[in-house]
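The structure appears right after this line, and notes come after that.
The values are calculated or read from the model by the stated rules, or taken from the named source; none is laboratory data. In this text, all values refer to a predicted model and were calculated from it rather than measured experimentally. When we count neighbours, we look across all protein chains shown, and the Cβ atoms used for this are built from the backbone with ideal geometry, even at glycine.
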Amino acid sequence: MGVKIDKAVYTKTKELMTNIEADKQELNGEKFTCPYCNVELSFRRSGKRQLENRVIDVSPYFRLEKGIEHEEQCEYNTFGQIEIIARKPMALKEFMEKKKNDQYAIRLQVVKKAMAEPPEEEVEGTTANPKGKGDAANKNYKNSGSITPYLSRMKDIMILRSKMEKNTDVKKHLKLEYKSKTISWDKFYFGPEYKDFLVLSKYFRNKPEPKHPICIEGMVKDYQIRTDKKNKKYYSFMLEKPYVKDIDTEGFRHVPSVSLNIYEEHETLIDYMEDNYKKHNKQIIAYGDPYVKVNTSTQNNVKYHNITIWINRTAQVHLFNNVYVKLFGE
């Protein structure tokens, strides 16, 4: 439970061990402790995820035993990470407010309003690159202007959630609000499991359609340059489709098809996406407003749940690389 941990102290040897080392030694069921607060951890070995045309490895990780939490000052304490985000030097009360001793609320209508503002020129800040090469994949991008804090903090929250096992690991400490309503995390954060996207599809085909933004997690398969109905070019980054064998009562398989679209004028964002893709940083989390349409293929007995999110700022997206992919290739 809680944050997925990539290193822990092996109780037998009292030495720090990475998740990859523990997996190679098949230490499932062995005892480990947190390197920062010494609470007991369990180890989850690597697994497999079946995609449409291939099988990928899912990284192993250490996790808390059920009912146990990291100590308050521990680096892996969930609420501690939320407090770090909240304490960043920005005037964020309109967006993020402390409700209880151990809970904050974020207002998604503020995020939606910020996304609706015309994007300003993005500023580049290069991160340390051990090879001394400057490229978009090794740069931090941020929007200039007054809306920056809201979008940047939303990205921080999105990244934090991606490090958790489940929505339940974060909802206790972070409440989602949209105007007068409380939004369930299960109606906000979707993926990487395909059934999450089917829930998203059904939810956003309700009438009236929900208005709050959402977050998705997946893996980029490919991208193409396309044109819209007004002959305007855009880049479409398509996520891997899952392998689906379940059929409904009419004999159809329901397959989610998720894409992130970017108009060509957002050059900095496109550079960021392309450069990360070339470096195999293909795991992705992104937030925005989804557009859902279901297309039926009677020839293949498939109903494609097409989910599209248009993005225009790097603050809306984060690309990263699964540890297993980095070490062992695809």
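Observations
- Close pairs (6 angstrom Cβ cut-off, 6 or more residues apart or separate chains): exposed (fewer than 11 other Cβ atoms within 10 Å of the Cβ) and of a type in the set (A, V, I, L, M) in region 40-55, at pLDDT below 90 and part of a strand (DSSP E or B) anywhere: V55/K48
- First in region 161-174 and touching a residue at least 12 places away in the same chain (Cβ under 8 Å) and assigned to a helix (DSSP H, G or I), second anywhere and surrounded by fewer than 17 Cβ atoms within 10 Å (Cβ to Cβ) and of a type in the set (S, T, Y), Cβ under 9 Å, 6 or more apart: K171/S184
- For region 85-94, the count of residues that are of a type outside the set (K, R) and within 30 Å of M17 (Cβ to Cβ) is at least one.
- Among residues of region 91-123, those that are at pLDDT below 85 and either surrounded by 15 or more Cβ atoms within 10 Å (Cβ to Cβ) or within 20 Å of V170 (Cβ to Cβ) (or both), counted: 3
- Those strands (runs of 3 or more DSSP E) of region 211-330 in which 3 or more residues are crowded, with 18+ Cβ neighbours inside 10 Å occupy 214-227, 233-239, 253-263, 283-288, 302-310, 317-320.
- Among the residues making up region 177-222, those that are within 28 Å of H280 (Cβ to Cβ) and of a type in the set (D, E) are E193, D196, E217, D222.
- Residue within region 187-209 that is in a strand (DSSP E or B), under 22 Å from the mean Cα position of the chain (by Cα) and outside the structural domain of G47 (by TED's automatic domain parsing) present: yes
- Residues located in region 146-178, provided they are at pLDDT below 95, closer than 19 Å to K211 by Cα and over 16 Å from the mean Cα position of the chain (by Cα): Y150
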